[in-house]
1. Do we find that residue 24 is in contact with a Phe, Trp or Tyr (Cβ under 8 Å, 6 or more places away or on another chain) and modelled with pLDDT of 85 or more in this structure?
2. Starting from residues that are free of Cβ contacts under 8 Å to residues at least 12 places away in the same chain and among the hydroxyl-bearing types (Ser, Thr, Tyr), keep the ones in the range 2-58 and report whichever is surrounded by the fewest Cβ atoms within 10 Å (Cβ to Cβ).
3. From (1) touching a Phe, Trp or Tyr at 6+ places or on another chain (Cβ under 8 Å); (2) assigned by TED's automatic domain parsing to the domain that holds residue 131; (3) at pLDDT 85 or above, pick out the condition that doesn't hold for residue 103.
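The values are calculated or read from the model by the stated rules, or taken from the named source; none is laboratory data. What you are looking at is a predicted structure, and each value in this text was computed from that prediction instead of being measured. Positions of Cβ are backbone-derived with ideal geometry, glycine not excepted, and every protein chain shown enters the neighbour counts.
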Amino acid sequence: MRTECDTCGERMSLWLDGRLDRAQIEQMEAHITVCPICRATFVAWRRADTGLTSAPTVSPSLGFVARFQTRLAARRRRRYVWAGLVTLAVASVGLWLAVVALMAVSGLAVWQDVSAGGLWGQMIDIFLALGETGVACVDLALLVTRALEHGIRHPAFVAYTLVTVGLLLAWARIVGGRVRVYSPMAVDVR
C-alpha cells in the first residue's frame, strides 16, 4: 500500500516541472506543511532545480559534431571489419569440416590416387594434410570422450565437478548482486 509520503516523493519532480494540476499541487502543499521529511526533501529538490535552471548553457566547441561523427563512423567500420573476420573464420572452419567429412566418407586412399603433379597435385596434397589433421582431431575427441567415460566415476572427478559448480554459482551470485538495472519509478499522475 502506498503512503502519502511515497506519492509526494514521486510527484515532486512533476510539481517543479509544472506538470501537476491544481488539485494535486494543493494536496502536495498540504502534505508538505505537516511532514518535515517531505518538506526537507522538497526544499532540496527545489534548490537543485534552481541551480540547474540558473546554470548557463554550454555550447559544444567548434567542430565537435564533425569529430563525433568521424569517431562514430570509424567505430562502425571496425564493427564491420570484425564481423567480416568472424564470418571468414566461420566459413573457413566450415570449409575445413566439409573437406574432412568428404575425405572421411570417401577415404584418404582414393584422394591419394588422384594426386598428380602441378597445381592440382598441390591442392590435393593440402586437402590430404587437412584430412589427416581432421582425422587426428576426431581421434583426439574420441580419446577425450573415452577418458571422460572412465574418469567420470572417479571420486576426484566428482569432487572437481562439485567444486567447479559451486564456484560458478558463487560467482553468478556475486556478479548478479552487483548488477543493478536502472528502472524509473512509476509516477501516478491521475
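1. Judged against the criteria, residue 24 is a match.
2. The qualifying residue surrounded by the fewest Cβ atoms within 10 Å (Cβ to Cβ) is 57.
3. (3)
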